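This report concerns only the one structure given below.
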Amino acid sequence: MTMKNYKYQIILKAVFVLCSLFFVLKGNAQQLETLIEEGLANNPEIQMFELKHQVAKEKVSEANTLPNTQIGVGYFLSEPETRTGAQRFKVSAQQMLPSFGSITARENYKNSLADAVYEDVVIAKRKLVASISQSYYNLYALKEKQTILDENIDLLKTYETLALTSVEVGKASAVDVLRLQMRQNELEQLKQVLEQDYLAEKTLLNKLLNREKNRTISIDNELTMPSENSLINSENLALHPELLKYNKLYESVEKSELLNQKESNLMVGFGLDYIAVSERPNMNFSDNGKDIIMPMVSVSIPIFSTKYKSKTKQNELLQKEINFQKQYKLNRLETMLDKAVKKSNSARISYNTHAKNLKQAKDAETILVKSYETGMIDFNDVLDIQELQLKFQINQIESIKTYYLQGAIINYLTN
């Protein structure tokens with residue numbers, strides 16, 4: 001094999017490696033969906049909110065009760081004498097009954113609070129889906145960057161072989177070889193840093209799934225940059241659980257006021273007193289020693305109604321506060337959505353620009369190959385082209401990651 005043919009084969013190998021770097025991403029979300037399902041089933045935060053909702057629902061049963069029955073027992077230390085005999089002890093029982101509709105009003109109030117807590121469950125699930133998705137996309141980007149670095153390191157080794165051959169024939173210096181080796185060292189160092197970042201992100205995702213931090217995560221999907229923006233229904237933002245929660249809180253205040261009005265009504269109580277009477281000795285008449293039974297009716301009248309009026313005023317102020325909170329939250333969510341959409345569009349623009357730049361860098365590499373065939377090659381140019389291509393490839397990965405990270409935010413807000 002002639003020296004020229006040997007050099008030509010090395011150049012072809014370099015071109016093949018470069019072509020392999022220009023990857024095309026294909027979308028497949030099956031693995032991510034599996035992780036999300038596992039996270040929703042096992043995440044302790046979700047389970048915590050679900051238990052809170054169960055507690056809130058159980059309080060509805062708690063509300064469906066009457067006030068405690070009052071039972072009293074008394075013993076006469078000095079037995080009072082009556083015509084029918086001496087009174088020995090007394091037993092009394094009393095049951096207060098709330099105004100009509102109070103128990104139903106209390107149940108409705110507790111139900112409305114439980115509905116508000118349920119929105120916390122929905123919010124937590126949405127946030128978990130967004131967190132799992134974003135962590136997954138971060139892992140994908142880190143993995144792809146490591147792949148790109150491996151391919152660039154292989155390319156530099158090919159260039160190093162080419163440089164060594166050129167040194168032998170006097171067309172390059174040993175300095176060129178050292179430059180290529182130093183560049184390889186830099187990429188190796190960057191790859192090791194990315195490996196540590198990958199391990200940290202893997203721990204984060206595993207903990208979101210509530211499993212061991214070292215558990216292997218399969219990132220076998222390839223993400224593509226869609227050719228067009230997906231349609232976003234911003235009207236769905238009005239149905240976001242973070243906003244619906246304020247609607248439920250507002251309703252709970254309404255139910256609280258209805259309960260307040262019911263509790264401001266009078267309460268009626270029914271009771272019974274039983275007094276044990278001893279027989280009078282040496283006397284014989286029909287009621288001798290007859291026990292006393294006395295039914296009773298009592299009424300609880302809210303004469304001093306200041307606390308009920310104050311509660312009404314508090315509820316009015318609380319409703320106004322909730323309305324302001326809802327508007328504040330809506331403004332924030334609208335800002336988040338607009339920001340995410342703009343960043344998503346910017347990521348697409350950046351991706352397309354980097355794709356054009358990468359193509360031009362490959363054209364420059366082709367020119368470099370032709371220059372080598374004529375006997376002229378500058379390994380500084382080789383390093384410059386390699387560095388540019390690596391930069392464009394990394395930026396493409398970043399653009400794809402940014403696009404999908406913002407997509408996770410958009411899904412959180414609108415789906």
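Summing +1 for each Lys or Arg and -1 for each Asp or Glu among the other residues whose beta-carbon sits under 13 angstrom from that of D287 gives +1. Around E334, what is the net charge, scoring Lys/Arg as +1 and Asp/Glu as -1 over all other residues with Cβ under 13 Å from its Cβ? Neighbour charge sum, excluding E334 itself: +2.
Reported to the nearest whole Å, the Cα centre-to-centre distance from region 60-91 to region 254-279 is 16. A Gaussian network model of the chain, with springs between Cα atoms under 10 Å, assigns the largest mean-square fluctuation among L266, L405, L149 to L266. Relative to the longest principal axis of the C-alpha atoms of the chain, give the angle of the C-alpha long axis of helix 3-21, reported between 0 and 90° and rounded to the nearest 10°. For 3-21 against the chain, the angle is about 20 degrees.
Placing unit charges on the Cβ atoms only, positive for Lys and Arg and negative for Asp and Glu, gives the chain a dipole magnitude near 720 debye about its Cα centre. For A141, neighbours were defined as the other residues whose beta-carbon sits under 10 Å from its Cβ, and their charges (Lys and Arg +1, Asp and Glu -1) total -1. Could you work out which residue, out of E321, E228, E37, moves most in a Gaussian network model of the chain, that is, has the largest mean-square fluctuation with Cα springs under 10 Å? Ranking E321, E228, E37 by mean-square fluctuation puts E228 first.
Is any residue of region 284-323 close enough, with backbone N under 16 Å, to a label point placed 7 angstrom from the Cα of E81 along the Cα-Cβ axis, and if so, which? Counting only backbone N, you get 284, 288-289.
Only one residue of A116, Q386, V73 has its Cα farthest out toward the positive end of the dipole of region 3-414, where Lys and Arg carry +1 and Asp and Glu -1 on Cβ, and that residue is V73. Loop-located chymotrypsin sites (Phe, Trp or Tyr not before Pro) in region 255-312 (DSSP state other than H, G, I, E, B) with a sparse environment of at most 13 neighbouring Cβ atoms within 10 Å: F285, F304. Applying the Kirkwood pairwise sum to the alpha-carbon positions of the chain produces a hydrodynamic radius of 29.1 angstrom. Net length available on complete extension from L272 to E254 is 2.7 nm, with 0.36 nm assigned per residue and the Cα-Cα distance removed. Model label sites at N352 and D338, defined 7 Å from Cα along the beta-carbon direction, differ in position by 2.4 nm. Between Y137, N284, L333, the Cα set farthest toward the positive side of the dipole of region 3-414 (charges on each charged residue's Cβ, about the Cα centre) is that of N284. Estimated from helices alone, the mean residue ellipticity of the chain at 222 nm is -25000 deg cm²/dmol (sum of -39500 (n - 2.57) over DSSP H runs with n ≥ 4, per residue). Separation of the alpha carbons by more than 27 angstrom is noted, of K145/K171; K59/K248; K143/K171, for K145/K171; K143/K171.
Read-outs throughout are calculated quantities, based only on the coordinates presented, and are distinct from any laboratory measurement. Here the structure is a predicted model, which is why all the values come from computation and not from measurement. Here Cβ is always computed from backbone atoms with ideal geometry, including for glycine, and neighbour counts include all displayed protein chains.
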